[in-house]
Protein chains: 2
Amino acid sequence: MNISDVAKRTGLPPKTIRYYEDIGLIRPARDTNGYRRFQETDAHKLAFLGRARALGFSIEDCRTLLALYEDETRASADVKRVAQDHLKQIEDKLAQLESMRDTLTHLVHECAGDSRPDCPILKDLARE
Amino acid sequence: MNISDVAKRTGLPPKTIRYYEDIGLIRPARDTNGYRRFQETDAHKLAFLGRARALGFSIEDCRTLLALYEDETRASADVKRVAQDHLKQIEDKLAQLESMRDTLTHLVHECAGDSRPDCPILKDLARE
DNA sequence: CCTTGACCTTCCCGTGACTGGAACCTCTAT
DNA sequence: ATAGAGGTTCCAGTCACGGGAAGGTCAAGG
């Protein structure tokens, strides 16, 4: 498979796939013409990475998860810890965004949104 | 006021304040020795920026909001539009993070987290 | 007067995870 | 022979700063 084939199969852009090789997440073989030649295992790894990224794991987490995946002697506790730490980060981020959303929803609701200059949003930001 | 004074008052790091000058959000005066000399209006603008950033507005949004704040002839509708667009972005991001959280919560719950290699988290990522 | 230490300045590099674009090579079909 | 679709590498830019180097300035103490 060439890069565009595996890109279609995994949903990852070719640029991203090249980047993942650059940082050592995958090591596709090369044809004599220099083209990357992807095996099934490469496609599988890329799909794995795509799903891990879709769950918001960082590249470094992905590297760890991939290594654990390939390690038959792993402890599931190690996987769980990575996932739990990441979940914690997401929950923190959620709390922060919810707080922003609540404040903004309130402010937007207060603002007339007409042609007059008087605006509670700006008043709040300026703490007038 | 020197930069560290206004940093204390606004809660923004000196680095951030210099950066805001760099990109033209503020224009503090200079003393003969080259030090920035902050007026009340500068401190006020920086506090405004700090609060807008805390609500998650991008720097470009902050630039727009600051310009609207200083424009006595603004229409509150223009402010409201910026805030509503931003609110929409936050709500989209929240939905995305909530989806990640739900999936991760489920997976973490399924995983024994012991010394055995069997792991539903990896199974899910690999779509085995 | 000299030194010390805190403060200030500019400048450059690094962050995360790519994306866009340039310049160039290779394959396939006409 | 050529056109077009693919592939390659490399460089720069994104966003909003933060770290750190190299050097100038200021106030206090000896």
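What follows draws every value from the coordinates through simple rules; no lab data is involved. Nothing here was measured: the structure is a model prediction, and the numbers come from that model. We place every Cβ from the backbone using ideal geometry, glycine too, and count neighbours over all the protein chains shown.
To the nearest 20 Debye, how big is the dipole of the protein assembly as shown about its Cα centre, given +1 on the beta carbon of each Lys and Arg and -1 on that of each Asp and Glu?
660
Describe numerically, in nm with one decimal, the distance between label points set 7 Å from Cα along Cα→Cβ at residue A:73 and at residue B:77.
According to this spin-label approximation, the distance is 7.0 nm.
I need the phi-derived Karplus couplings for the range A:5-14: 6.51 cos²θ - 1.76 cosθ + 1.60, θ = phi - 60°, integer Hz, Gly and Pro marked x.
5, 6, 4, 4, 5, 9, x, 8, x, x
Remind me, relative contact order of the range B:1-74 in percent, using alpha carbon pairs under 8 angstrom and six or more residues apart?
Contact order relative to length: 28 percent.
Compute the helix-to-body angle for B:40-54: its Cα long axis versus the longest principal axis of chain B, expressed 0 to 90° and rounded to tens.
The angle comes out near 10 degrees.
Sequence neighbours fewer than 8 away in the same chain don't count; with that in mind, list the aspartates and glutamates whose C-alpha is under 14 Å from residue B:123.
List returned: A:70, A:71, A:72, B:110.
Given label points at 7 Å from Cα along Cα→Cβ, what nm distances, shortest first, separate residue B:21 from the same residue in every other copy?
Once sorted, the set of distances for residue B:21 reads 4.7 nm.
Go ahead and run the numbers for FRET between residue A:102 and residue B:114, Cβ-Cβ distance against an R0 of 41 Å, rounding to 0.05.
0.55
Compute the acute angle (0 to 90°) between the alpha-carbon long axis of helix B:59-70 and the principal axis of greatest extent of the alpha-carbon atoms of chain B; round to the nearest 10°.
With both axes taken from Cα atoms, the answer is about 40 degrees.
Tell me the distances, shortest first, between residue B:89 and the same position across the other copies, using label points 7 Å along Cα→Cβ, in nm to one decimal.
2.1
Structure shown: which of A:88/B:45; B:8/B:93; A:80/B:88; A:45/B:88; A:45/A:88; A:8/A:88 lie over 29 Å apart, alpha-carbon to alpha-carbon?
Listed pairs above 29 Å: A:88/B:45; B:8/B:93; A:80/B:88; A:45/B:88; A:8/A:88.
For the range A:32-128, report the translational diffusion coefficient in µm²/s to the nearest whole number, using Stokes-Einstein at 20 °C, 1.002 mPa s, and a Kirkwood Rh over Cα pairs.
Estimated via Stokes-Einstein, D reaches 120 µm²/s.
Please report, in debye to the nearest 20, how large the charge dipole of the range B:1-74 is about its Cα centre when each Lys and Arg carries +1 at its beta carbon and each Asp and Glu carries -1 there.
On the way: 13 positive and 11 negative charges, 60 e Å.
In debye, rounded to 20, the range B:1-74 gives about 280.
For a test of the definition: using alpha carbon positions, the gyration tensor, and the 1.5 limit on a/c, classify the protein assembly as shown as rounded, prolate or oblate.
On the way: a/c = 2.38, a/b = 2.06, b/c = 1.15.
In terms of gyration-tensor shape, prolate.
Where in the range A:43-59 does the amide nitrogen come within less than 14 Å of the point 7 Å from the Cα of residue A:4, taken along Cα to Cβ?
Inside the label zone: nothing.
So what are the ³J(HN,Hα) numbers for the range B:108-113, from phi and the Karplus equation (6.51, -1.76, 1.60; θ = phi - 60°), rounded to whole Hz, Gly and Pro as x?
Each residue's phi maps through the Karplus curve to give 4, 5, 6, 7, 5, x Hz.
For residue A:37, enumerate residues with amide H under 5 Å from its amide H, sequence gap 5+ or separate chain, H modeled in the peptide plane.
Amide H neighbours of residue A:37: A:29, A:30, A:31.
Report the relative contact order of chain A, percent, no decimals, based on alpha-carbon pairs under 8 angstrom and at least 6 residues apart.
Numbers: 71 pairs, mean separation 18.8, N = 128.
RCO, chain A: 15 percent.
Tell me what the protein assembly as shown gives for mean residue ellipticity at 222 nm when only DSSP H runs of n ≥ 4 count, each as -39,500 (n - 2.57), the sum divided by the residue total, rounded to 500 deg cm²/dmol.
That comes out to -22000 deg cm²/dmol.
Between residue A:35 and residue A:60, how high is the FRET efficiency from 1/(1 + (r/R0)^6) when r is the Cβ-Cβ distance and R₀ = 25 Å? Nearest 0.05.
Here the calculated transfer efficiency is 0.30.
May I ask you to report, in nm to one decimal and beginning with the shortest, the distances from residue A:54 to the same position in the other copies, taking label points 7 Å along Cα-to-Cβ?
Here the equivalent label points are 3.8 nm apart from this one.
Magnitude of the Cβ-charge dipole of chain B, K/R +1 and D/E -1, about the Cα centre, nearest 20 debye?
580
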